[in-house]
Amino acid sequence: MQALSTAVPGKWYTIKWMFGIPEVLEKLKEFKIKEGSEIHVIQNDASGMMIIASDQKRFAISQDAAARIQV
């Protein structure tokens with residue numbers, strides 16, 4: 001297991017568990033991203049943001065929030 005914030009762009013990962021700011025977790029659940037979901041890491045750069053995709057939807061997430069998600 002590793003933090004999503006360390007994920008390699010271009011690879012697919014399975015969410016093992018998530019914790020953190022309730023508003024962020026609720027937004028992820030709105031996009032149907034939860035434990036067991038498959039996500040594709042599109043971009044992970046030094047700017048502090050990463051782009052992930054699930055079910056044809058893409059969105060940005062901060063490195064801080066991504067550090068609280070294990071894949």
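See the values below:
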item	result
Per residue, in Å², the accessible surface of the chain once ligands and nucleic acids are set aside, probe 1.4 Å	61 Å²
5 angstrom amide H check on residue 42, placed H, neighbours 5+ away	10, 51, 52, 53
Note, ³J(HN,Hα) from phi for the stretch 21-31, Karplus 6.51, -1.76, 1.60, rounded to Hz, x at Gly and Pro	5, x, 5, 5, 4, 5, 5, 4, 5, 4, 8
For the chain: relative contact order, % (alpha-carbon pairs under 8 angstrom, 6 or more apart)	44 percent
Proportion of all alpha-carbon pairs of the chain beyond 22 Å (%)	6 percent
Label-point separation, residue 23 to residue 59 (7 Å along Cα→Cβ), nm	1.3 nm
Among 48, 8, 36 the positive-end extreme of the charge dipole of the chain (Cβ point charges)	36
With every protein chain in place, the chain: carbon and sulfur % of accessible area (1.4 Å)	54 percent
Heavy atoms of residue 19: accessible area, 1.4 Å probe, square angstrom to 10	110 Å²
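The values are calculated or read from the model by the stated rules, or taken from the named source; none is laboratory data. It should be emphasised that the depicted structure is a prediction, and the values quoted were computed from it without experimental measurement. Here the Cβ is made from the backbone with ideal geometry for all residues, glycine too, and neighbour counts use every protein chain on show. We work out accessible area using only protein heavy atoms, side chains counted, and drop any ligands, DNA or RNA first. Shrake-Rupley method; radii C 1.70, N 1.55, O 1.52, S 1.80 Å.
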